[in-house]
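Worksheet: one structure, shown below.
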């Protein structure tokens, strides 16, 4: 999680990468960028490092993964207006819904590969929340409930709830570097620096300093 507060970024995935880079004499310049654009940058060979890139088969060709810094228990959930949320109890209930997703973001294999679902692709969570507020979608799929909840708070929209249906899975928490970009030559050294932070317990220490569990992003 990276938190933006008055233009200042903070959070464990930022601190961990900053510390690993500093051990190599490098400094990271951070920016808030929609994930879909970050994925395009990785595909196009841009000199970027993207945090929390889910490892999928289609990304292996252009992403050099760093880590994982933890194996995280993930819960995929669906947010909707309360009257609609209670009716989402299984995968089949998604078939009749318009669902707001984040462009380029992997959720769980069945959903991601299902071309029959009505998926509305957006670039950020606030845009997705506004679609739900305007009743232009029926539900929002989320792999990061804390971040989505902050988006609801940002526009002061409270008429929503989590659906009973959820999907749980475990996956590595990786950073990604383009295989075709100029940072690729630094990838092995940076990966070793990150693994040292894992092995010494420093990753867990940084997460705990934020009151977070490195093995869960369910909240």
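Read-outs throughout are calculated quantities, based only on the coordinates presented, and are distinct from any laboratory measurement. Keep in mind it's a predicted model, so treat the numbers as computed, not measured. Please note: Cβ atoms are built from the backbone with ideal geometry, for glycine as well, and neighbour counts cover all protein chains shown.
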Legend entry - Ellipticity estimate at 222 nm from DSSP helix runs (n ≥ 4, -39,500 (n - 2.57)) divided over the chain, nearest 500: -8500 deg cm²/dmol
Inset, instruction - Can you grab the distance from the C-alpha centre of segment 62-94 to the C-alpha centre of segment 131-168, Å, no decimals? - result: 11 Å
Inset, instruction - With springs connecting C-alpha atoms under 10 Å apart, model the chain as a Gaussian network and identify which of 21, 80, 29 has the largest mean-square fluctuation. - result: 29
Inset, instruction - Report the label-to-label distance for residue 135 and residue 89 in nanometres (one decimal), using points 7 Å from each Cα along the Cα→Cβ vector. - result: 2.5 nm
Inset, instruction - For the chain, with a Gaussian network of springs between Cα atoms less than 10 Å apart, report the residue from 195, 72, 153 with the top mean-square fluctuation. - result: 153
Inset, instruction - Could you work out how far apart the two model spin labels at residue 58 and residue 157 are, taking each label as a point 7 Å from the Cα in the direction of the beta carbon, and quote it in nm? - result: 2.6 nm
Inset, instruction - Output the antiparallel fraction of DSSP beta bridges having both residues in segment 72-170, as a percent to the nearest 5. - result: 60 percent
Inset, instruction - Express the C-alpha Rg of segment 72-170 as a ratio against the empirical globular expectation 2.2 N^0.38 Å, rounded to two decimals. - result: 0.97
Legend entry - In nm, spacing of pseudo-spin labels at residue 44 and residue 127 (7 Å Cα→C-beta vector): 1.6 nm
Inset, instruction - Go ahead and collect, in residue order, the members of segment 113-153 whose backbone nitrogen is under 18 Å from a label point 7 Å along the Cα-Cβ direction of residue 33. - result: 123-125
